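To start, the structure under review is shown below, and the notes come after it.
The values are calculated or read from the model by the stated rules, or taken from the named source; none is laboratory data. Model, not experiment: these values are computed from the prediction. As a convention, Cβ positions derive from the backbone with ideal geometry for all residues, glycine included, and neighbour counts pool all protein chains shown.
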Amino acid sequence: LSLEAKLRQALTNEEFALHYQPKIDLASGMVVGVEALLRWQPADGDAISPASFIPLAEETGLIVPIGEWVLDTACAHNKLLQQSGLPPIGVAVNISARQFDPHALRKSISQALDASGLDAKYLELELTESLVMENPDEVTRILHELREMGLRLAIDDFGTGYSNLSQLQRFPVDRLKIDQSFVRDIGADPNDAIIARAVISLGHSLGMSVIAEGVSNEEQLAFLRANGCDEMQGFLYSRPLPFEDLMGLLTENR
Ligand code: G
Ligand code: G
Ligand code: MN
Ligand code: NA
């Protein structure tokens, strides 16, 4: 079978899982949210990385039903966390360009929220900088509609695209995520340090909170702390975890 044919069967064969990477508030050290990250484990072979199957899912349009499954599952899991008595935290879901059809997206979000009973304020959408900057006027309108549903919005991989700053200011966005490529050598590469500081200050000036992703050592953490970054996410605190392991971690740390 081709990869595409296998991908077509993956939903019905229940071969997908969501793993969750904690987001840590730097001031309190508490887990304040998680990012849902899709994993594909074909029944008959090795796990396949989203970096290779997400582009295929986008090309074939399979990202639409897969994305609906992601929204449904992330909302249902988050509601389960709350029902188990843990303090409520947000869950962020990645949305790719092909899913960004306003009518269909609003419909799948409403369905996921209704089916799970999750309050919309706990659901965050991560949209890449390149997606939102491709068509900023139309995107501004869609982002306002999504915000009216009560969702939170984040711009992912920030710093890798070409942001139009006057447009950025008009986006009703809650959070900027500093791309991990700038975080990697933040302590050693002056250019990365400059970009990270600029993103933190830009986000704060626009009333957005700023999270750094890919934080994997203490040096990076110290830099981010010293420069007023709000949150961090990365292997230093935790890898993306299966839902059961996330539940265990939150229960231990409560
Ligand atoms: O978790 P990992 O590093 O393997 O993710 C690789 C890429 O796949 C990241 O860019 C991430 O944003 C993307 N990705 C992970 N899960 C999803 C998902 O559910 N939907 C979409 N559209 N992209 C995802
Ligand atoms: O593009 P997006 O930010 O959604 O992708 C997140 C990806 O980054 C996931 O594939 C996740 O597994 C990966 N990731 C998360 N934390 C770290 C980290 O500390 N180091 C590295 N190298 N990758 C990370
Ligand atoms: Mn992301
Ligand atoms: Na990212």
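Observations on the model:
- Qualifying residue in segment 30-51 (condition: surrounded by fewer than 19 Cβ atoms within 10 Å (Cβ to Cβ), among the hydroxyl-bearing types (Ser, Thr, Tyr), within 16 Å of ligand 4 (Cβ to nearest atom) and closer than 15 Å to residue 240 by Cα): yes
- Selected residue (only one of 248, 150, 234, 214 is under 27 Å from residue 82 (Cβ atoms), touching a Gly at 6+ places or on another chain (Cβ under 6 Å) and at pLDDT 95 or above): 234
- Test result for residue 137, more than 16 Å from ligand 2 (Cβ to nearest atom), exposed (fewer than 14 other Cβ atoms within 10 Å of the Cβ) and of a type outside the set (A, V, I, L, M, F, W, C): yes
- Number of residues in segment 218-239 that are under 17 Å from residue 179 (Cβ atoms) and assigned to a loop (DSSP other than H, G, I, E, B) equals 7.
- In this structure, residue 93 does satisfy being within 14 Å of residue 149 (Cβ to Cβ), β-branched (Val, Ile, Thr) and within 16 Å of the chain's Cα centre (by Cα).
- Against the list (1) over 16 Å from the mean Cα position of the chain (by Cα); (2) within 15 Å of ligand 2 (Cβ to nearest atom); (3) at pLDDT below 95, the condition residue 45 fails is (2).
- Of all residues in segment 136-161, those satisfying the criterion of being free of Cβ contacts under 8 Å to residues at least 40 places away in the same chain, more than 16 Å from ligand 4 (Cβ to nearest atom) and either assigned to a strand (DSSP E or B) or touching a helix residue (DSSP H, G or I) at 6+ places or on another chain (Cβ under 9 Å) (or both) are 136, 137, 138, 139, 140, 141, 143, 150.
- Restricting 67, 159 to residues that are crowded, with 19+ Cβ neighbours inside 10 Å, closer than 24 Å to residue 178 by Cβ and either within 16 Å of ligand 3 (Cβ to nearest atom) or not small (Gly, Ala, Ser) (or both) narrows the list to 159.
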